Amino acid sequence: MDSVEISLLTCQPHDEVYSLYGHTAIRFHDFHKKGGVDAAFNYGVFNFNAPHFVARFVFGLTDYELGAFPYHLFQAEYRHFGSMVTEQVLNLTAQEKYQLRQALSENLRPENRIYRYNYFYNNCTTKARDIIEQCINGKVEYADREDYTPTYRDMIHEMTQRNPWSRWGNDVLLGIGSDQSTTLRQQEFLPQNLMYDFDRAQIYANGTYRPLVKERRISVPAGVQMNDPGFPLSPMQCFISLLVISFVLFLIQWKRHCIFTLWEVLLMLATGIIGIVLFLMLFSQHPTVRVNLQFILFNPLPWLFLWPIIRGKDTLYWRITAALCCLFLIGGLFQSYAEGIWCLALCLLLQSILHIKRLRK
């Protein structure tokens, strides 16, 4: 095993949705033996074309698997995307290298390679960290992060700065659990955090310390990334525009003593669609999405009243909505809501005020 290097590979994000947070893999390189193995072990293999992939991912029922690929193909992929790959050569003994090779080989067996994926708790990065730690004859001790205790939502916002609509979608789905402070180990679900921690980690064994990483190098240099600008308006811009339109229509309805049923139906459809998504999240296996205070206002309730309102009948819907809007605003003290979702809540509140006014008359 003296001719073997085992490294942690940390890949920079690129523009594909599945890569917005980066990636982690393990390199096994026998560089002395002619024709020796040089492979990347990747716990992030999935079949995007599998039946109901998106639905299974949302509900936390996605199965990923371990794959092993020639390292030059792994490099070529990230070179194509312009993503930098950083290689941290691990400071392992011959026995530890052997144990890690055996563990990876065992994980590659058909009956072992598939695992139940969870984005925060059991992903391609945490799997790589765990198998490395298991094969070290000692304890890996990580340095503190200088009082850095972000929430899961904070970390996701940091990684999706250039993708505002992806960030908005995440914020709609994530509940109050994602707004709790995280520990250092929980923060290591992100590849860049694990890379940072590995650089500063020590292995304690037999009364002595040695650094976990003995060398760091750039395996694939950063290239030019062609980012798709996507939709030209941000979520906040769209929702502010919606609020302005709603306020203008509110003034017109107030002065004319009328109700624009088509506008109400559009608001109810928008609210109801988000509500169905959040209702389904109640059954997800992801613990951070089950308790979502946005469900106070955005729930399937509009679908129960949609037909009576289309027919022009008086219902309790808008009075119920006014009360839910107030509770929704209070809930914002405990959970960070999706960007601009407040504007949609205010649109509903304005329409509720019109109906309350009519009932008083």
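If you wrap the tightest convex hull around every Cα atom of region 55-99 and split its volume per residue, you get 161 Å³.
Region 85-126 and region 149-195 have Cα centres separated by 24 Å.
When the surface is traced with a 1.4 Å probe over the full set of protein chains, residue 79 keeps roughly 130 Å² accessible.
If you plug the beta carbon distance of residue 52 and residue 215 into 1/(1 + (r/R0)^6) with R0 = 51 Å, you get a FRET efficiency near 0.70. For region 179-247, what does the alpha-carbon gyration tensor say about shape, rounded, prolate or oblate, given a ≥ b ≥ c as the root eigenvalues, a/c under 1.5 as rounded, and a/b over b/c as prolate? Oblate, because a/c is 1.5 or more while a/b does not exceed b/c. Take every pair of alpha-carbon atoms less than 8 Å apart whose residues are at least six positions apart; their mean separation over the length of the chain yields a relative contact order of 19 percent. Accessible area per residue was computed with a 1.4 Å probe on protein heavy atoms; residue 334 scores about 130 Å². To the nearest 10, the accessible area of residue 159 is 30 Å² with a 1.4 Å probe. Think of the chain as having a plus end and a minus end, set by charges on the Cβ of Lys, Arg, Asp and Glu; of 123, 252, 326, 252 sits farthest toward the positive end of this dipole. Convex hull volume of the C-alpha atoms in region 312-361, normalised per residue: 73 Å³.
About its Cα centre, the chain has a charge dipole of approximately 1480 debye under the convention of +1 per Lys or Arg Cβ and -1 per Asp or Glu Cβ, with nothing else charged.
Taking max minus min of the alpha-carbon positions on each principal axis, region 199-334 gives extents of 80, 38, 24 Å, largest first. Report summary: the helix-based calculation at 222 nm, which adds -39500 (n - 2.57) for every DSSP H run with n ≥ 4 and divides by the residues of the chain, gives -14000 deg cm²/dmol.
In this structure, residue 320 and residue 280 have a Cβ-Cβ separation that, at R0 = 22 Å, corresponds to a calculated FRET efficiency of about 0.50. So what does log10 I(q)/I(0) come out to for the chain at q = 0.07, 0.13 Å⁻¹, using the Debye formula with one equal point on every Cα and no solvent? Values returned for q = 0.07, 0.13 Å⁻¹ are -0.42, -1.04. For the listed peptides 316-323, 210-217, a ranking on the average number of other beta carbons within 10 Å per residue, highest first, reads 316-323, 210-217.
Grab the Cα-Cα distance for residue 270 and residue 245, subtract it from 0.36 nm times how many residues apart they are, and report the gain in nm with one decimal. Extra length available between residue 270 and residue 245 comes to 7.5 nm.
Using alpha carbons only, the radius of gyration of region 234-277 set against its Kirkwood radius gives Rg/Rh = 1.05. Let me know the shape class of region 61-159, please: from the alpha-carbon gyration tensor, a ≥ b ≥ c as square roots of the eigenvalues, rounded when a/c is under 1.5, otherwise prolate if a/b is greater than b/c, or oblate. The shape class here is rounded. The count of lysine pairs in the chain with alpha-carbon distances below 26 Å, taking only pairs 8 or more places apart or on different chains, stands at 15.
Over the chain, accessible surface divided per residue gives 51 Å², non-protein components excluded, 1.4 Å probe. By accessible area, using a 1.4 Å probe on protein heavy atoms only, the chain has 60% of its surface on carbon and sulfur. Between residue 224 and residue 69, residue separation times 0.36 nm minus the direct Cα-Cα distance comes to 53.4 nm. With the convex hull of the Cα atoms taken as the outline of region 24-109, the averaged projected area works out to 7.6 nm². Shape class of region 97-211 from the Cα gyration tensor (axes a ≥ b ≥ c, square roots of the eigenvalues): oblate, since a/c reaches 1.5 or more and a/b does not exceed b/c.
The values are calculated or read from the model by the stated rules, or taken from the named source; none is laboratory data. It should be emphasised that the depicted structure is a prediction, and the values quoted were computed from it without experimental measurement. When we count neighbours, we look across all protein chains shown, and the Cβ atoms used for this are built from the backbone with ideal geometry, even at glycine. For accessibility, only protein heavy atoms count, side chains too; no ligands or nucleic acids. Shrake-Rupley method; radii C 1.70, N 1.55, O 1.52, S 1.80 Å.
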